[in-house]
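To keep things clear, I will list the structure first and then write my remarks on it.
Taken together, the values in this text are just the output of simple stated rules run on the coordinates, not laboratory data. Model, not experiment: these values are computed from the prediction. Using ideal geometry, Cβ is built from the backbone for each residue, glycine included, and neighbour counts are taken over all protein chains shown.
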Amino acid sequence: MNAGIVKPGAIGQPFSRVDGRLKTTGAATFTAEYRIPNVAYAALVFSHIARGRITAIDTRQAENAPGVLTVITHENAPQMQQTPVFGSASDDSAAPGAASSSIPYLNTDAVYFYGQPVAVIVGTTLEQAEHAATLVSVSYQEEAAKLSFQAEKANAFEPANVLGENPEYRQGDVEKAYAEACYKVDHVYTTPPFNHNAIELHATLAIWSEDERSLTVYDSTQYVIGIQKMLAKKFSLDEAQVRVIAPFVGGGFGGKGNAWAHVPLAVAAAKVAKRPVKLVLSRAGVHYTVGGRTPSEQRVALAANAKGELTALIHTGITQTTAQNDFPEQFTFPARHLYKAENMWLLQKIMYLDVVPNTFMRAPGESIGTFALESALDELAHQLGMDPVELRARNEPDVDPTTGAPFSMRNVAHAYRVGAEKFGWVQRHPTPGTTRAGRFLVGYGVATAYYPAYQFPAAAKVQVYADGTAVAQSAMHEMGMGSATVQAQNLADALGVPFDKVRFEYGDSRFPEAPVAGGSNSTISVGAAVQAACDRMKQTLHGLVAEDDASPLIDTRLNEVEFRDGGIYSRKDPTRGETFAAILSRLGMDNIEAEGAAAPGADATTYSMGSYGAQFCEVRVDADTGEVRVTRFLGVFDCGRILNPQTAISQWRGGITMGIGMALTEAALFDERKGRIVNPSLAEYHIPVNLDVPAIEIHFLDIPDPQTPMGAHGIGEIGITGVAAAVANAVFNATGKRIRDLPITLDKLLGSVPDMDVSDYM
Ligand code: MOS
């Protein structure tokens, strides 16, 4: 077992972000900010139909516009190779590469969605390129597009798999159990499409070498290695000839996990223009060309006996995706792991629409899945006349309910106890609509947070320098999560070097391979690789002294020494030893390096590994206008050992903030006649702002998972899970109105929202 779990060190300390000063002073350079000599600027022309073919494209006016260097369309674009689609259900999702869909952008006259790039303008200035983009005139032969979720529902089908799992799970006779139960609820919950809105706009800066044999790309990505492999294939280059750099990323949330159209198009444009090309999407460009979260319709039916023990749990539903990417969101995953129920039926279906391919968005599946499941639990608790916290406690499983595997760690009941106490849950009045503060109706709601703990293969390199400093490198990403800080802490402890003497380098495909920064995997995936590299380094360093007459550690064995304070010391005699710097300078070496790699152990699948949380919410609803304000929010998280409380708390707060947006304000408004998103700007797509978000109180249990590196779990995604349900449950407690359709806007609270017919789902 990792000694780091018990030894005090850098891990567990609330260090400020190592990149914090650079970012707050503007010294951190993001993709769009690199100044490259002779750079040209690209702008995209978007399709104005949802499906069909381009019959003619008139670029003459654009070509003659001032400052225009070249106009690229499907008629003159370089041929690019097809590459595997990342994270899809039917392709090999483990295939390297990061393509967001199989659409051969600008190598086809076919249009697959409204907003698909159909031309790229390269200009001397951004303004010139953007102006010229308005001068391109495209003629289409339009085809009937599938744009209506409701109309396509009847054609929904089971995907090949959902993130590698069977889309259906059945246990017992759920229909019979449901029919026989005294207490039951059965409703449909709906969530709208959500768009990605990271602060940093997606950007790519492509620089070809003069001989066009090598390519350097700055890209705002969560996956430098994936982009590297994809571009190498697309442009028929050796992987070693493609370098992808992403030192800082201004938020990703899954929207930068795949390469969207602008990435290969910027590279193609640079090739045609024979100049470095910078392509920064506009906010509307992000909404049009970067996929977001699928809308969903989910049925949850729960039945219980008088003790509140679940006898039937049904969670089925439909999400949309496209034939070009095939990505089902795993909304049934929480139901697979959260509650004990004798009879269970879980099923996911998908349908294809002609829209921008959907993608990962913070806790894809778990965020919308917990909205439905945790709302239904609240509805059942109300019917039983039971406290919703108590109802969850009564259905706490001893082993994973669907796999039968033991939990590697699970303290969700403990999280609820802590949360109820800190939040003052006892003050909740169980009868809805009975607590008032002036003209406001006050309500409390609670919901469970859940996200799996993933580890992926990763590699790292460590170097120790003669000046006593240590550096680790991995092609990991820092998008604001605090990963660079946490890995520096990990490096310091693993090598026995003070925190101020270590540095962590990341965001460059030249560094040892690391996975996509997705699925909250980075911390333990890269953490384990850094530790493996440090283990090698320690063996190497010890090997240098154990046979050296000049060293006080001659003839020691590895298990007789410890690594601390930047040196090696005898365990028996702490005064006997020497610093790494002393060793290197005696041997006349500038530095020593060691590499290491790690992958999940063989027994990773023998455990059910997840993170949990209890989300508590207080709302005030204006009794006259229906306006909802979240007045208090408190989350308690069970995510293994917490490596840095400061950055962890910030992650959970961010997740909860995003969840409040999901609950109350966010929705991409989709015009089903044209297939156009009609609110592609931050003025009309409402992400929560400061006044929408109260001070969020965070607690964490900090109980290590004995099965994971460092005892830790990823923490990036769990924060958003359960939030929308906690808000909806609080709104019900305040008003007696159950809103099952996100976002919970005042029109729904003031009007009457008809319940959807569950019979579609039988
Ligand atoms: Mo996360 S949606 O896997 O970036």
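Translational D (Stokes-Einstein, µm²/s) of region 199-301 at 10 °C and 1.306 mPa s when Rh comes from the Kirkwood sum over C-alpha pairs? Answer from the Stokes-Einstein relation: 110 µm²/s. The stretch between Ser570 and Thr124, if pulled fully straight at 0.36 nm per residue, gains 154.1 nm over its current Cα-Cα span. Taken as Cα centroids, region 149-181 and region 379-454 sit 26 Å apart, rounded to the nearest whole angstrom. When Rg and the Kirkwood Rh are both derived from Cα coordinates, the Rg/Rh ratio for region 118-245 amounts to 1.15. Computed on the chain, with alpha-carbon pairs under 8 angstrom and 6+ residues apart, the relative contact order is 16 percent. Give me the log10 of I(q) over I(0) for region 252-390 at q = 0.12, 0.16, 0.20 Å⁻¹, as the Debye formula computes it from C-alpha points; what are the numbers? Evaluating at q = 0.12, 0.16, 0.20 Å⁻¹ gives log10 I(q)/I(0) of -0.61, -0.86, -1.11. A dipole drawn for the chain from +1 and -1 charges on Cβ atoms has a positive end, and of Ala668, Pro512, Gly443 the residue lying farthest that way is Gly443. Taken along the Cα-to-beta-carbon direction at a fixed 7 Å, the label points for Asn559 and Lys674 span 7.3 nm.
Sequence-ordered 3J(HN,Hα) estimates for region 263-277 from the Karplus curve with 6.51, -1.76 and 1.60 and θ = phi - 60° stand at 5, x, 5, 5, 5, 5, 5, 5, 5, 5, 6, 6, 8, x, 10 Hz, glycine and proline given as x.
Computed as a quarter of the hull surface, the mean projected area of the alpha carbon convex hull for region 395-480 stands at 12.4 nm².
Contact order for region 639-762, expressed relative to its length and based on alpha carbon pairs under 8 Å spaced 6+ residues apart, stands at 38 percent.
About its Cα centre, the chain has a charge dipole of approximately 1000 debye under the convention of +1 per Lys or Arg Cβ and -1 per Asp or Glu Cβ, with nothing else charged.
Phi angles across region 584-589 convert, under the Karplus curve 6.51 cos²θ - 1.76 cosθ + 1.60 with θ = phi - 60°, into 3J(HN,Hα) values of 5, 6, 4, 8, x, 9 Hz, Gly and Pro given as x. A viscosity of 0.692 mPa s and a temperature of 37 °C, combined with the Kirkwood radius over Cα pairs in Stokes-Einstein, give a translational diffusion coefficient for region 673-750 of 199 µm²/s. Taking each residue as 0.36 nm, the span from Leu691 to Ala28 lengthens on full extension beyond its C-alpha to C-alpha distance by 235.9 nm.
Model label sites at Glu152 and Ser282, defined 7 Å from Cα along the beta-carbon direction, differ in position by 2.6 nm. At q = 0.20, 0.24, 0.28 Å⁻¹ the log10 of I(q)/I(0) for region 496-537 amounts to -0.76, -1.02, -1.18, computed by Debye summation with a single uniform scatterer per C-alpha, solvent ignored.
Could you work out the per residue convex hull volume over the alpha carbons of region 24-91, in cubic angstrom?
Spread over its residues, the Cα hull of region 24-91 gives 239 Å³ apiece.
For region 477-601, taking the reciprocal of the average inverse distance between every pair of different Cα atoms yields a Kirkwood hydrodynamic radius of 15.7 Å. Its residues counted as N, the chain yields a C-alpha radius of gyration over 2.2 N^0.38 Å of 0.99.
Could you work out the Kirkwood radius for region 659-704, taking every pair of different alpha carbons, averaging 1/r and inverting it, reported in Å?
About 13.2 Å, per the Kirkwood formula over Cα pairs.
Residues within the reach of a label modelled at Ala623 (point 7 angstrom out along Cα to beta-carbon, backbone nitrogen below 11 Å), restricted to region 413-455, are 433-442.
Against the empirical 2.2 N^0.38 Å scaling, what ratio does the C-alpha Rg of region 56-196 come to?
Output field value: 1.61.
Largest first, the three principal axis extents of the alpha carbons in region 421-466 are 67, 27, 21 Å in whole numbers. Counted over the chain, the DSSP beta bridges are approximately 75% antiparallel. Considering only Ala28, Thr59, His187, and ranking their Cα positions along the charge dipole of the chain that arises from unit charges at the beta-carbon of Lys, Arg, Asp and Glu, the one farthest toward the positive end is Ala28.
In whole angstrom, how far apart do the alpha carbon centroids of region 610-631 and region 234-250 sit? If you average the Cα positions of each part, the centres end up 44 Å apart.
Share of Cα-Cα pairs in region 330-433 beyond 23 Å, in percent? Roughly 39 percent, rounded to a whole number. Converting the Cα gyration tensor eigenvalues of region 573-684 into ellipsoid dimensions via √(5λ) gives semi-axes, longest first, of 51, 22, 19 Å. So how far apart, in nm, are the two label points at Thr605 and Glu165 if each is 7 Å from Cα heading toward Cβ? About 1.4 nm, to one decimal. Determine the distance separating the Cα centre of region 552-598 from the Cα centre of region 290-340; give it in Å without decimals. Computed from Cα coordinates, the inter-centre distance equals 53 Å. Computed from the Cβ-Cβ distance with R0 of 51 Å, the FRET efficiency linking Glu684 to Asp548 stands at 0.15.
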